[in-house]
Structure formats: structure tokens, C-alpha cells
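Some notes on the structure that comes next.
The values are calculated or read from the model by the stated rules, or taken from the named source; none is laboratory data. Here the structure is a predicted model, which means the values were calculated and not measured. As a convention, Cβ positions derive from the backbone with ideal geometry for all residues, glycine included, and neighbour counts pool all protein chains shown. With ligands, DNA and RNA removed, areas are computed over all heavy atoms of the protein, side chains included. Shrake-Rupley method; radii C 1.70, N 1.55, O 1.52, S 1.80 Å.
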Amino acid sequence: MTVKLSAAVLGEIAHTAAVPAYDPIMLTPGILHFGVGNFHRAHQAVYL
């Protein structure tokens, strides 16, 4: 049986799929910057 994934069905699918142990409603948006551009520029500078 196919179930459309949504917050409303998390309780139903918990016995067959991994569901978050936290309340998704309590999350706040944020930004994470990995900074891989500096890694690229540092290695590119070696070749230039």
C-alpha cells in the first residue's frame, strides 16, 4: 500500500519506517554554510 508522506501519517508508518524522534513543528529555519568555495579556491591557486 502506498502512503503519501506527510506529518499526519508519521504515526501510521512508524512501525515500518524510521520517523524523526523530535517534533518537526518545533524546528526553526536556519542557514548552514559549508564554505567549500574556499577549499576549491585554495587548491585552484596551486595550479595557477
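Consider Ala45 carefully, then state whether it is open to solvent by less than 100 Å² (accessible area, probe 1.4 Å) and either in contact with a strand residue (DSSP E or B) (Cβ under 9 Å, 6 or more places away or on another chain) or not in a loop (DSSP other than H, G, I, E, B) (or both). Give the steps one after another, and end with the answer.
Values: open to solvent by less than 100 Å² (accessible area, probe 1.4 Å): yes; either in contact with a strand residue (DSSP E or B) (Cβ under 9 Å, 6 or more places away or on another chain) or not in a loop (DSSP other than H, G, I, E, B) (or both): yes.
Answer is yes for this residue.
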Taking interchain pairs and intrachain pairs at least six residues apart, which have beta carbon atoms under 6 angstrom, with the first residue in the stretch 18-44 and closer than 24 Å to Leu5 by Cβ and the second open to solvent by less than 100 Å² (accessible area, probe 1.4 Å)? Val19/Leu10
